[in-house]
Amino acid sequence: MSGVTGRVVSAQGVLARFNEAGILEAPDVHTAQLVARTAGEHDPAVLLGAALTMRALRAGSVCLPIRRVRRLAQFFVRDDDAQAGLAPQLDELGWPDPDRWLAALAASSLVGDEHSGPNEHPLRLVDEALYLERYWHDEESITAALLGRCGPFPDVDEARLERSLAASPAAADRRDEAQRTAVRTAVRARTAVICGGPGTGKTTTISRVVAALADQAEARGVPMRIALAAPTGKAAARLTESLDEHAVGPGVGAATTLHRLLGARPDRAPRHGAGHRLPFDAVVVDEMSMVSLPLMARLLEALGPDTRLVMVGDPDQLTPVDAGAVLADITAAGLPGPEPGRSAVVVLDHGYRFTSGISDVARAIRDGDADRTLELLATTEAVEFHDQDAADLDLEASLGLRDALVRQARATERAARLGRAEEAIEALGAHRLLCAHRTGPYGVTTWGAAVERLQRAAAGQLSGDEWYSGRPLLATRNLPELGISNGDTGVVIATGRGRRAAMSNHRTYPAYALEGVETMYAMTVHKSQGSQFERVTLVLPPPGSPLLTRGLLYTAVTRARTGVRIIGPASSVRAAVTTEAQRASGLTERLGRALDRPPGAPRGRPLRAREGAGARPAMPR
């Protein structure tokens with residue numbers, strides 16, 4: 001591959017054309033060539049399908065829907081193309097005719113169908129979508145496992161459950177009905193899904209589920225073994241901290257990552273699986289929106305038939321870095337609940353944390369209403385909207401943003417200089433600048449450098465010393481031996497033992513002990529997922545950027561508790577609100593068919609407490 005252009009030298013014909021356009025990259029081309037050589041396959045359409053399936057997978061899709069491939073491919077761009085805000089010129093690439101393409105794939109020895117035996121072919125063509133074999137198998141196993149664990153959990157002590165619910169301090173609050181519905185569903189069902197945006201009480205509901213399950217075990221005179229898990233170390237640490245505040249009681253250990261829960265091992269199957277089940281009566285997984293398809297498959301394989309599963313998350317947030325959008329797929333399909341006609345998916349829809357203005361903006365974004373979103377951006381007191389190209393913004397002249405950055409820098413540096421770790425961390429979290437891109441004029445590198453110059457000058461930290469007091473930090477890898485998770489933030493503070501890194505896990509470390517920690521004056525929206533800040537400033541790229549999606553804008557806005565500032569043209573806001581990120585998956589349709597819903601029929605709706613069954617219609621996937 002040419003290091004300058006990204007062109008794969010060995011690519012020829014259609015692969016070369018798609019590679020030069022930035023749609024295919026070296027891993028996609030080389031894998032397709034290797035697989036084709038092993039089977040003696042030379043049809044360009046088959047090679048293109050194999051390469052695009054690899055590219056789709058790396059972009060987060062589980063499969064390649066042949067008739068929708070152009071729509072999906074607008075997100076298949078290199079980083080440098082994305083940073084420039086340029087979508088590829090898809091119509092100029094000479095795509096194969098879909099019917100002939102499907103026929104060529106079906107006739108290839110590389111491709112099996114839904115009736116082929118396991119691992120007979122590296123690819124499968126099912127429902128006009130091309131899969132890598134193991135991802136098709138994962139989708140099939142998830143479908144079978146979820147359907148096998150639908151319905152009621154036996155021997156629930158209903159009287160004890162109602163006493164548990166009545167014992168809550170919020171039991172008399174009518175707004176609490178959704179939480180009570182969620183707890184009832186989690187206790188009565190083998191599998192339950194609890195959905196809600198930030199600030200809707202998901203962690204409180206988890207604590208109430210744990211307490212109710214413990215009560216059920218106490219009624220039977222046995223201990224309740226409950227595992228709490230999340231997809232990342234950062235999310236697990238936040239869950240543990242939040243539940244400590246709710247005093248969930250003895251017998252419930254700290255939350256852990258799903259990988260650690262399953263006993264993941266390099267180049268080997270996880271310790272827990274079909275032959276060695278997890279030894280728990282209930283497993284509660286938070287931040288399910290970040291769980292990938294393969295990880296979900298491994299979790300379900302490791303659960304015994306008598307283990308409850310409670311999945312908690314926000315299906316409207318950004319999808320996982322890896323392939324799949326499991327939570328969104330499951331909530332779109334719906335699952336049968338513990339009673340006939342009742343869903344196992346419960347929506348928490350009352351916001352407790354945000355100002356009403358931010359909640360209104362988030363709801364308009366989530367609903368895909370661009371006109372309403374722009375109206376609220378112009379009229380909401382908690383929102384400051386700069387309708388301009390972010391690359392043209394002068395930080396010094398933007399008084400609101402400049403003042404916020406100066407105040408934050410001075411408060412952080414003052415606390416850091418005095419060695420007040422918690423105060424410094426709190427000052428750092430008072431404001432966060434978020435970008436959609438990593439590099440380029442709208443990215444973290446450019447904006448982080450500009451903010452660093454401004455804030456270091458404001459705090460009087462202009463020396464060349466790398467470990468200056470008040471330096472904001474971001475962990476970019478997991479350091480489990482130190483209790484640090486990828487995405488943790490921190491501040492360099494002065495102590496009697498010299499300057500140390502005070503991290504958001506409430507511990508401090510000497511500089512020499514830390515690896516993969518970098519300066520953080522701005523971060524990507526993806527990195528911010530799972531975090532909360534008092535105020536957020538979001539830098540939007542031009543409307544042509546393929547990174548502008550509804551999920552990205554919704555996630556960024558909902559990181560803020562009290563105030564949001566958006567810098568970017570109105571056309572970029574409109575493009576984001578009206579663009580749903582494309583992640584191809586067959587899980588929703590597969591679940592729907594298995595639940596005896598005809599193709600194209602409504603897919604079931606999450607349960608809302610006051611409606612019995614009803615929510616926003618699921619978006620087609």
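Observations
- Unit charges on C-beta of K, R, D, E only; dipole of the chain, Debye: 1140 debye
- Surface share of carbon and sulfur [accessible, 1.4 angstrom probe, percent] for the chain: 50 percent
- Average accessible area per residue (Å²) across the chain - probe 1.4 Å, nucleic acids and ligands excluded: 42 Å²
- Stretching residue 418 away from residue 244 to a fully extended chain increases their span by 59.8 nm, per 0.36 nm per residue minus the current alpha-carbon distance.
- On full extension, the segment bounded by residue 177 and residue 7 gains 55.5 nm, given 0.36 nm per residue less the C-alpha separation.
- Cα gyration tensor, segment 394-522 - rounded (a/c under 1.5), prolate or oblate: oblate
- Among 412, 393, 442 - extreme Cα towards positive end, dipole of segment 333-450, charges at beta-carbon: 412
- Loop sites by DSSP among the chymotrypsin sites (Phe, Trp or Tyr not before Pro) of the chain, restricted to those with at most 15 other Cβ atoms within 10 angstrom, leave 1-351 as the longest stretch without any of them.
- Shape category assigned to segment 294-384 from the gyration tensor of Cα positions, a/c cut at 1.5: prolate
- Of the GluC sites (Glu not before Pro) found in segment 442-482, the ones in coil according to DSSP and having at most 12 other Cβ atoms within 10 Å of their Cβ are 466.
- Segment 360-438: GluC sites (Glu not before Pro) falling in loop per DSSP and having at most 13 other Cβ within 10 Å: 381, 396
- Taken along the Cα-to-beta-carbon direction at a fixed 7 Å, the label points for residue 144 and residue 466 span 5.2 nm.
- 222 nm mean residue ellipticity, helices alone, for the chain (DSSP H n ≥ 4; -39,500 (n - 2.57); rounded to 500): -11500 deg cm²/dmol
- Ordering of 324-332, 306-314, 561-569 by packing [mean C-beta count within 10 Å, highest first]: 324-332, 306-314, 561-569
- Net charge, residue 296 excluded, C-beta distance under 15 Å - Lys, Arg +1, Asp, Glu -1: -3
The values are calculated or read from the model by the stated rules, or taken from the named source; none is laboratory data. Just so it is clear, the model here is predicted, and its values are computed rather than measured. Heads up, the Cβs are rebuilt from the backbone with ideal geometry, glycines too, and the neighbour counts pull from every protein chain shown. For accessibility, only protein heavy atoms count, side chains too; no ligands or nucleic acids. Shrake-Rupley method; radii C 1.70, N 1.55, O 1.52, S 1.80 Å.
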